[in-house]
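What follows is a set of notes on a single structure, which appears directly below.
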Amino acid sequence: MSQHAPRFQLNDESPQTATLLLSGDWVQGQPAADFNELRAELIAASPEALAVDGGELGRWDSLLVAFLLQCYNHCRAEGIEFSERQLPHSASSLLRLATTVPPHKRPSEATPALLARLNPVRTVRKALGEIAGSLGFLGDLAIALFRLTLGKANTRFSDFRDFCFQAGPNAFAIISLTSVLVGMILAYLGAVQLKMFGAEIYVANLVLIGMLREMGVLMTAVVMAGRTGAAYAAQLGTMQTNEEIDAITTMGVSPMEFLVVPRVLALLVMLPLLTIYADLLGVLGGAIVAGGMGITMLQYLSQIEDAMSMTHFFVGLSKSLVFAVLIAVAGCRSGIQSGRGSAAVGNAATEAVVTALIYLIVADAAINILYQQLQI
Amino acid sequence: MATATDVNTGETGTPVAAEAHIEVRDMTMAYGARVIQNHLSFQVNRGDIFVIMGGSGCGKSTLLKHMLGLIAPARGDILYSGQSFTRADDASRDAMRQSWGITYQSGGLFSAMTLGENVSLPLQLYTNYNKTEIAEVVSYKLSLVGLGGYESYFPSEVSGGMRKRAALSRAIALDPDILFFDEPSAGLDPISSRLLDELIVQLKESIGATVVMVTHELPSIFGIANNSVYLDANTKTMIAYGDPKQLRDHSDQAVVRQFLAREAAAPGETEQ
């Protein structure tokens, strides 16, 4: 069956009335008729009424009705009286259906221009708001923890125990892997330099101090931010979506005490323990590399014993406590403030990890500067 | 105490001379600058089954969230038994909340807990029952909604209708004064939703509670409700208040009559 391109023709029936004659096949695959052409013609002719004549129409699909709808909306906007004759019955009822409710006009929101969006004042204000929000959350958390010490908080021990298990023993495998490798990396890094001075044995000092003060705790915290922080955000975000947080609130229970406190406490207990574990395995990783360089295990261990100082150990441990709170707060806050829906939960998890990593790096730098000044 | 049968309805369909259990006074609800509903004033009498109706997007669930104190009203007040909820401090709010039972649109069951643990949570929090007593009460409350023996199932392991009933069971755990429902029969088949309606009426009568329900299921509205408010999205306020059966036949608002008679509105009156 041969097809004809869709055509329209605007005829002046009388000075006031124009007729729009539609012909051809208004179907997919045909060069579409351009409404802008018709609009230009209509503006030029400026009739008071427009009659659409479908007498010579061939086959048609949604393209026809879409065209007619544009036509109808234009007429209504310009105050032209719209009428139809000999349109196929179903096309005319589809048009009627489409025009029953006038199109919604979205209230224009002033979208800030690109420059305004990059405005440093705005960015700084937003960042400050974010920090203020986190501090407020930390304050609420402190109140909840205080109530816990008074025995007034609705925190369940069984939740705490479960979260401890999730955050601790379940993370052993990945923490083992990362810390052995980090210990080896530190050893290799030092070995090359120290060899030039014939001081290979000091690899042990480098690994020990590096792991204890810095890498053990930081790597563990980074892994836990990705693992546990994101999990907290996803759990709480899903609970928000599921109206579970509403249910808790309306039971007269504070979500802070019921949901956040056990998570924070679990991380606060588990992160230092995992850090000690990571320190041990890191030193072990260093031993493997040292062995490859001809240092015996005994030499390595005795050098470790010399270099060991509880100060280094406690520096790392004190950092781990701070990091635990930061990871848990970033995760829980993103989760509690999550919107509703699966996309929002995903965003909450991403936000939790990104925020936690920023907090970790900034806090680590700050603590290092502080300890440097205090000569610890 | 007044019961459902004591509620007299006047000719206008407005209940008269009964004890107000919940009172909403000239309340405005807004998200930031966007006003959802204005000038809401109505009262729910003790023993009523009160329905909040209206087309989609008119703010029914938002009204419920205001009544539950999850969102603070932009203006106006909500009173429970004559006591302001909006102006109450946290401790008295929590005290008021203990006499409520709520089932949420999606159930609001804690997905990390079994059905039994869900029902036992309010009992653990607010009663002095010991472990054995709690287990007994939990099994009794679950049996009330036909879920005896499902204590150890997780919400994800049971059907949608069972989740709703489990949520109802948690809501009645503390024998509440007021039961709130957000679209209880949404997503249920006609038989399940009818059974749920009957369950609501039976439970309400046996524990003597007031029921507040958001729904647009006409069978539920006519089957069990004796008072209602209709929120209109276009005028952003309530345009009808009273017994839904009266409103269907005698409301002076065409939209309300059409809504209750399930008729399509004439073009131009359609909600946008």
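The values are calculated or read from the model by the stated rules, or taken from the named source; none is laboratory data. All values derive from a computational prediction rather than experimental measurement. With ideal geometry, Cβ positions are generated from the backbone for all residues, glycine too; neighbour counts draw on all protein chains shown.
Restricting A:Leu265, A:Leu317, A:Leu271, A:Leu259 to those that are under 25 Å from the mean Cα position of the chain (by Cα), crowded, with 17+ Cβ neighbours inside 10 Å and closer than 18 Å to A:Met215 by Cβ reduces the list to A:Leu271.
Residue check: B:Gly148 meets all listed conditions (1) part of a loop (DSSP other than H, G, I, E, B); (2) under 29 Å from B:Val24 (Cβ atoms) but one, namely (2).
Residues in segment A:80-90 include none that are within 14 Å of another protein chain (Cβ to nearest Cβ) and within 30 Å of A:Pro6 (Cα to Cα). Within segment B:207-231, the residues that satisfy the criterion of being closer than 25 Å to B:Arg34 by Cβ and either at pLDDT below 90 or surrounded by fewer than 16 Cβ atoms within 10 Å (Cβ to Cβ) (or both) are B:Thr215, B:His216.
Put simply, of B:Glu183, B:Glu151, B:Glu157, B:Glu198 the only residue that is at positive phi and modelled with pLDDT of 85 or more is B:Glu183. Within segment B:202-211, the presence of at least one residue that is β-branched (Val, Ile, Thr), touching a residue at least 12 places away in the same chain (Cβ under 8 Å) and assigned to a strand (DSSP E or B) is confirmed. Listed by first and then second residue, the pairs with beta-carbon distance under 6 Å, at least 6 apart or on different chains, first residue in segment B:154-181 and touching a residue at least 24 places away in the same chain (Cβ under 8 Å) and under 22 Å from B:Ile134 (Cβ atoms), second assigned to a loop (DSSP other than H, G, I, E, B) and among the polar types (S, T, N, Q), are B:Phe154/B:Thr114; B:Pro155/B:Ser111; B:Pro176/B:Ser99; B:Asp177/B:Ser99. Counting only helices (runs of 4 or more DSSP H) that sit wholly inside segment A:99-185, those with at least 2 residues that are among the hydrophobic types (A, V, I, L, M, F, W, C) and exposed (fewer than 11 other Cβ atoms within 10 Å of the Cβ) are A:114-117, A:120-149. Filtering segment A:186-207 to residues that are of a type in the set (A, V, I, L, M) and assigned to a helix (DSSP H, G or I) leaves A:Leu186, A:Ala187, A:Leu189, A:Ala191, A:Val192, A:Leu194, A:Ile201, A:Val203, A:Ala204, A:Leu206, A:Val207.
Among the residues of segment B:241-266, the ones that are touching a strand residue (DSSP E or B) at 6+ places or on another chain (Cβ under 6 Å) and in contact (Cβ under 8 Å) with a residue 40 or more places away in the chain come to 5 in all. Screening B:Asn234 on (1) closer than 23 Å to B:Met113 by Cβ; (2) surrounded by fewer than 23 Cβ atoms within 10 Å (Cβ to Cβ) shows it passes everything except condition (1).
Taken over segment B:47-75, the residue count meeting the criterion of being of a type in the set (A, V, I, L, M), more than 13 Å from chain A (Cβ to nearest Cβ) and closer than 28 Å to B:Ser220 by Cα is 5.
Of everything in segment B:113-138 that is part of a loop (DSSP other than H, G, I, E, B) and crowded, with 16+ Cβ neighbours inside 10 Å, the residue that is nearest to the other protein chains (Cβ to nearest Cβ) is B:Met113. Remark: B:Thr28 falls outside the filter, which requires a residue to be modelled with pLDDT under 90 and surrounded by fewer than 20 Cβ atoms within 10 Å (Cβ to Cβ).
In segment A:8-18 there is no residue matching the filter, namely being at pLDDT below 85, assigned to a loop (DSSP other than H, G, I, E, B) and surrounded by 14 or more Cβ atoms within 10 Å (Cβ to Cβ). B:Ile78 satisfies every condition listed in (1) touching a residue at least 12 places away in the same chain (Cβ under 8 Å); (2) within 14 Å of chain A (Cβ to nearest Cβ); (3) in a loop (DSSP other than H, G, I, E, B) except (3). Of everything in segment B:98-112 that is within 23 Å of B:Ser185 (Cβ to Cβ) and more than 7 Å from every other protein chain (Cβ to nearest Cβ), the residue that is farthest from the chain's Cα centre (by Cα) is B:Leu109. Considering only residues that are surrounded by fewer than 18 Cβ atoms within 10 Å (Cβ to Cβ) and of a type in the set (A, V, I, L, M, F, W, C), look in segment B:83-92 and name the one that is farthest from the other protein chains (Cβ to nearest Cβ). Among residues in segment B:83-92 that are surrounded by fewer than 18 Cβ atoms within 10 Å (Cβ to Cβ) and of a type in the set (A, V, I, L, M, F, W, C), the one farthest from the other protein chains (Cβ to nearest Cβ) is B:Ala88. Does B:Ala95 satisfy the criteria of being touching a helix residue (DSSP H, G or I) at 6+ places or on another chain (Cβ under 9 Å), facing another protein chain (nearest Cβ under 9 Å) and not in a loop (DSSP other than H, G, I, E, B)? In short, no.
Could you grab me the full set of residues in segment B:44-75 that are crowded, with 20+ Cβ neighbours inside 10 Å and part of a strand (DSSP E or B)? B:Val44, B:Asn45, B:Ile49, B:Phe50, B:Val51, B:Ile52, B:Met53, B:Gly54 - these are the residues of segment B:44-75 that are crowded, with 20+ Cβ neighbours inside 10 Å and part of a strand (DSSP E or B).
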